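Single-structure report; data block below.
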């Protein structure tokens, strides 16, 4: 096998996939679907040789005629020369946290009270013939005498350095301690590091959120509680699968698990170096990390095989993982620092949700609260300080732009909001990066669906009204469709020629299923505890996608319940905030454990009422229009076009 | 640099030592003195090129004329060709434990009571949609419900394997637990392993003793408490230094520490494979190791730099090291098994002594007891169950055959016992391996010294009586000497020609100093607590050398106190026995910690009375002959030659 244009050659056995050969040759092909042949992003051109295409689902006949083949689905049968097209740079709008610019210290913070890290200065009496106490006992004694800290434990890597540090520092050192190692409330203090001289004026930790798409790092000054620097970057695992399912599949291949772990560690390492550099410290000055993320992300981070998360009955290996040393894991902070992964509840209700429930205040409020993270898994929690019930609905990736003909992620060129004229049925739209559109992202699809519905292009069953007087509604290859952008206004060049950006019947069906799943999810939650959903006092929306939702339109399609807009709160990344608060406070950390412990997980696929609720919600906005009085009002009296027009102008 | 006869060549910088170049070329030169130029064992022949001999202490002019140079002391100044003579195989009599052949279970053993390892069989209810508990919590729940074992902890390597083991085993597994991980009496149970099916009928641990010279491994069936197999082998570190001081020096060179750790791990690995193979198990079936050894050996085993042990004021980095995972250390048992290094007291009173004090029963007796390990450091403990005081006297390596003109270790060809005729002054001797003698080992030297004294060849000051009528007493190169073996009866071929085996004035002086240091040691111990040494009720002698001591002769030279022979007990390897008992019982383990904690360490170099006692003991048997009535009796009335003759015949 030879790869062009880099001219790298590898020997592989006949029967290997091109993707495997490329991996061996060190060529990084994008495989956002995890190598399942679904995304078409790993297409290469066969210049010479014999190959067999197992699947070419995403390739047109024209593409195949040109020699295109999917690297993940094409078997090498003999010598071959393959041209690798320039790999598309994964270029997206980062999910910048709206609240991130200025993260405020979340409570009356006292670094000595509830925060487990401590740096203490010691002037140790040097050993002599009259006092031959060993170095480690001598240090323990000084901690006891000078700071009343008793029963400190340590480990081998620390002991290996201890003797020379103490002597080189002339017995004047700063000891960094973790006061409740291993998360046991009564756990012994643990010696994390010993550094020469007095270094008690600085003490850092990091709060990390490992999202499927983006990773966030907060560098926290533990003496003030303030976030010194924060950085966000894409999870490099994206190249091996866009969603958790693709990554779980990838993890099951050869060393896929190790590779995915390396990729996320690489991303984190880059972020950690950046925050450290900005704060003018070394990454080894970071003495603790708390980590939040969904269950799959944490399994991959820890290199615990996630396979069973994907397969019925959907089981994680571990929801509350033990504390791990950074060095053991390969996280680029002080190797002897503890890495604390926050606890999750189930395969699809992870630490990101428990962290969110606590950091949003839901776990401590008397108000009946609905917490939602809208995405592929649509995690939803209902409850108060006294009880919590959670579910995850397999909404599918439609709101993330996948499984939709011209859907895409919220990257440059994505249509993110749409308005349709009630009379002409002509659309106006806003594109990320203000350029020619390539496709439609989740918020754009949500917006489009609502507009199609309220303008009467779609009926309540989601059927397109072909009899309306506009060329935009037509029969296409995959059934009826609505043309959002004509080909000549697009930037849809790629494998083949330009084409119209449309939304098809199939797409609409996928979107309806997604919104129905989410709506049915919290309806079932409420029913299961005998609570009237109308009594919900506040809806807290976390997660990346939540920030871009237009509440009005989300209610119009029946995704969100019909209640006054002021009851909705978009909280941004509640997961990293939970991670940050847990870093600052053992008490918060304990609350997250408790929240995870008392959160009842309702498995919807095992719930009989879910299917009924789902079916009822497959309409726009719902079979029972009485649940959506504000939508009924619009449908009856028409909407105020001005409001929408104003928005267009503002944009 | 080129090495013959292997024709290996390496590039090194001018100024490098031949030893360094050889190391780089992968040539294993013996350096028992640790590369200090003291032993002469790394001698090579310079065939061509320019070198500079920094020291050639152990080479004669004749040797140098032949081209010999010490690899550890010879600087390369240009291209050179060096011939490496065949490296002497380190061939010694193994210190087989007299009691080892049949180690009896030391107490009424109950595998469930006091032994921390447990293997329990679990039939776990598989997960379902109705019960989505994560694997780890499910296992914990089964342990709690079926075996009443609560709060079990685990770690990442275990979690990484857990999911697949449980599923492949169809949820029927054996869990191996350590009930008090991390040595905390109230510590939580720790999951060590999960294996498919019911494997509760076997459970193994190992007790290890890391001696400076030999390493011992007992494979212990933890269900019966019996030692299944035991093996002993030389510590491969010997090639890098015979004694602890040489090894500490070697550890300070480049990666010397890492190399020494690898060497002892290699030795242990070999032993562990042998015991496992014999018992028809895998080394991964071994779920715990307790390790005893002197402080330097344990530092090297853990790769904790031992440097400060050697330098005044003689400080260890750690006397009570934390439990370590075998995988972290590289010990060839189950990687998730705990390796428990027993606690020591000081640089020269290590875990081997605390283990000995407990396993010998000294820590639990009302009798005033003297515990001795005679060797370079002459560790001595005095006390009862109520108090313990210990010291180490730098006896020097004379009793180990080093620092003596024709001294050698107790290997093949060593004279191990000597008898001298009172009238003719002709010696008879016994040689290890019954062959031509090469030199004299420790017990041979002790025996020789006693015989020289009681036959009047030496006076009480240790001076040779030149006026006696025998050619064996003569003036030699290094002062007066006694010829033990004439050249033609020897096997002393080597660098140069054969020579007589003699004991010189200097040797005798070294031996007197060694025995005086040990005698002074326990005298000072007794004085320091105000106890009359004559009140000692029993003398327990542990360690390798102890086994070969002839009590009568040891008393004659004033090494051991003059008391009835039945009060002396040779216990063999009390260190490995302590390790074995600690493996079986948390209670014994606790006793060893307590013994270490309450043992007062007396630093002789800081003690004013030690020098006086030492000086008084530099005579044969002692300045104050009244302390040795039985010797006075022999000197006055002559000895019973028959007894000795009988022994010769018996041999």
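No lab work stands behind these numbers, since they all come straight from the coordinates. All figures in this text were calculated on a predicted structure; none of them were measured in a lab. So basically every Cβ, Gly included, is an ideal-geometry build from the backbone, and we count neighbours across all protein chains shown.
Which whole number gives the average, over all residues in B:146-156, of C-beta atoms from other chains lying within 10 Å of the residue C-beta?
Working: counts 0, 0, 0, 0, 0, 1, 0, 4, 3, 6, 12.
Partner-chain Cβ atoms within 10 Å, mean over residues of B:146-156: 2.
How much FRET efficiency would the formula 1/(1 + (r/R0)^6) give for residue B:77 and residue A:277, where r is the Cβ-Cβ distance and R0 is 56 Å, rounded to 0.05?
Details: r = 47 Å, r/R0 = 0.84.
E between residue B:77 and residue A:277, to the nearest 0.05, is 0.75.
Working only with C-alpha atoms, what are the Rg and Dmax values of the range A:291-337, expressed in angstrom?
Rg then Dmax for the range A:291-337, in Å: 12.0, 39.
Could you tell me the largest-minus-smallest coordinate of the C-alpha atoms of the range A:111-196 on each of the three principal axes, in descending order and whole angstroms?
If we take the Cα atoms of the range A:111-196, the spans are 39, 25, 20 Å.
Per-residue mean of other chain beta-carbon atoms within 10 angstrom of the beta-carbon, peptide A:132-140? Could you put the intermediate results ahead of the total?
Values: counts 12, 5, 14, 7, 8, 5, 2, 1, 1.
Mean partner shielding for this stretch: 6.
Among bridges DSSP assigns within the protein assembly as shown, what percent are antiparallel (round to 5)? Walk me through the numbers before you get to the answer.
Numbers: 137 of 195 bridges.
Of the beta bridges lying entirely in the protein assembly as shown, close to 70 percent run antiparallel.
Please report Rg (one decimal) and Dmax (integer) in Å for the Cα set of the range B:148-241.
Answer for the range B:148-241, Rg first and Dmax second: 17.4, 53 Å.
Exposure proxy check: B:62, A:527 ranked by fewest other beta carbons within 10 Å?
Values: B:62 11, A:527 15.
Final ranking by Cβ density, sparse to dense: B:62, A:527.
Mean shadow of the range A:204-351, computed from the convex hull of its alpha carbons, in nm²?
Details: hull surface 31.6 nm².
Quarter of the Cα hull surface area: 7.9 nm².
Let's test the formula: R0 of 51 Å, r as the Cβ-Cβ distance of residue B:170 and residue B:605. What FRET efficiency results, to the nearest 0.05?
On the way: r = 65 Å, r/R0 = 1.28.
Once the sixth-power term is evaluated, E becomes 0.20.
Dividing the Cα convex hull volume of the range B:325-467 by residue count, how many Å³ per residue is that? Numbers along the way, then the final one.
Values: hull volume 26.8 nm³, N = 143.
Convex hull of Cα atoms, per residue: 187 Å³.
What are the nm distances, shortest first, from residue A:125 to its equivalents in the other copies, labels at 7 Å along Cα→Cβ?
Between copies, matching label points for residue A:125 lie 6.1 nm apart.
Using a label position 7 Å from Cα in the Cα→Cβ direction, what is the ascending list of nm distances from residue A:26 to the same site in the other copies?
Computed spacing set for this position: 2.5 nm.
Listed highest first by mean packing, meaning other Cβ atoms within 10 Å per residue, what order do A:467-474, B:621-628, A:485-492 come in?
Working: A:467-474: 12.9, B:621-628: 17.8, A:485-492: 15.6.
Highest to lowest by the protection proxy: B:621-628, A:485-492, A:467-474.
Which residues among the range A:253-297 fall inside the zone where the amide N is under 17 Å from a point 7 Å beyond the Cα of residue A:201, along Cα→Cβ?
A:279-282
Where both residues lie in the range B:204-351, what percent of DSSP beta bridges are antiparallel, nearest 5?
Antiparallel: roughly 65 percent of the beta bridges in the range B:204-351.
Tell me, what is the FRET efficiency for residue A:532 and residue A:569 to the nearest 0.05, using R0 = 22 angstrom and their Cβ-Cβ distance as r?
Values: r = 21 Å, r/R0 = 0.94.
The calculated FRET efficiency here is 0.60.
Using the 7 Å Cα-to-Cβ label point, sort the distances from residue A:638 to its equivalents in the other copies shortest first and give them in nm to one decimal.
From this label point to the equivalent ones elsewhere in the assembly: 14.3 nm.
Counting alpha carbon pairs within less than 8 Å and at least 6 residues apart, what relative contact order, in whole percent, applies to chain B? Please list the in-between numbers first.
Working: 1407 pairs, mean separation 74.6, N = 651.
About 11 percent, as a whole number.
Could you check what % of the DSSP bridge pairs in the range B:375-457 are antiparallel, to the nearest 5? It would help to have the intermediate numbers written out before the result.
Details: 10 of 13 bridges.
Once the DSSP bridges in the range B:375-457 are tallied, antiparallel ones form about 75 percent.
Under a plain spin-label model, where a point goes 7 Å from the Cα along Cα-to-Cβ, how far apart in nm are residue A:506 and residue A:284?
In this crude label model, residue A:506 to residue A:284 measures out at 5.6 nm.
For the range A:507-630, report the % of Cα-Cα distances exceeding 21 Å.
Working: 3754 of 7626 pairs.
Considering the range A:507-630, 49 percent of its Cα-Cα pairs are separated by more than 21 Å.
Along each principal axis of its Cα atoms, how long is chain A end to end? Whole angstroms, biggest number first, please.
101, 68, 47
What Kirkwood radius, in Å to one decimal, follows from the Cα pairs of the protein assembly as shown?
Numbers: mean 1/r = 0.0277 Å⁻¹.
Here the Kirkwood hydrodynamic radius works out to 36.2 Å.
With a cut-off of 15 Å, note down the residues of the range A:585-620 whose backbone N falls inside the zone around a label point 7 Å from the Cα of residue A:459 toward its beta carbon.
A:619-620
Taking the alpha-carbon set of the range A:443-553, what are its Rg and Dmax in Å?
17.5, 55
Over the range B:253-309, how many percent of alpha carbon pairs lie in each 10 Å bin up to the one with the longest distance?
Pairs per bin, as whole percents: 21, 44, 26, 8, 1.
Report the label-to-label distance for residue B:65 and residue B:491 in nanometres (one decimal), using points 7 Å from each Cα along the Cα→Cβ vector.
2.9
Compute the normalised compactness of the range A:2-83: alpha-carbon radius of gyration over 2.2 N^0.38 Å, N being the residue count. All intermediate terms of the calculation are to be shown ahead of the outcome.
Numbers: Rg = 11.3 Å, N = 82, 2.2 N^0.38 = 11.7 Å.
Computed over Cα atoms of the range A:2-83, the ratio equals 0.97.
Would you tell me the mean number of C-beta atoms belonging to other protein chains that fall within 10 Å of each C-beta in A:161-171, as a whole number?
Numbers: counts 3, 4, 11, 4, 0, 3, 4, 0, 0, 0, 0.
Shielding by partners across A:161-171 averages 3.
Sort B:557, B:503 so the one with the fewest other Cβ atoms within 10 Å of its own Cβ comes first. Provide the component values of the computation, followed by the final result.
On the way: B:557 30, B:503 27.
Placing the least packed residue first, the sequence is B:503, B:557.
Counting only helical runs of four or more DSSP H residues, what would the 222 nm mean residue ellipticity of the protein assembly as shown come to if each run contributes -39,500 (n - 2.57) and the total is spread over all its residues? Provide the component values of the computation, followed by the final result.
Values: 36 runs with 378 residues, N = 1302.
The per-residue figure over the protein assembly as shown is -8500 deg cm²/dmol.
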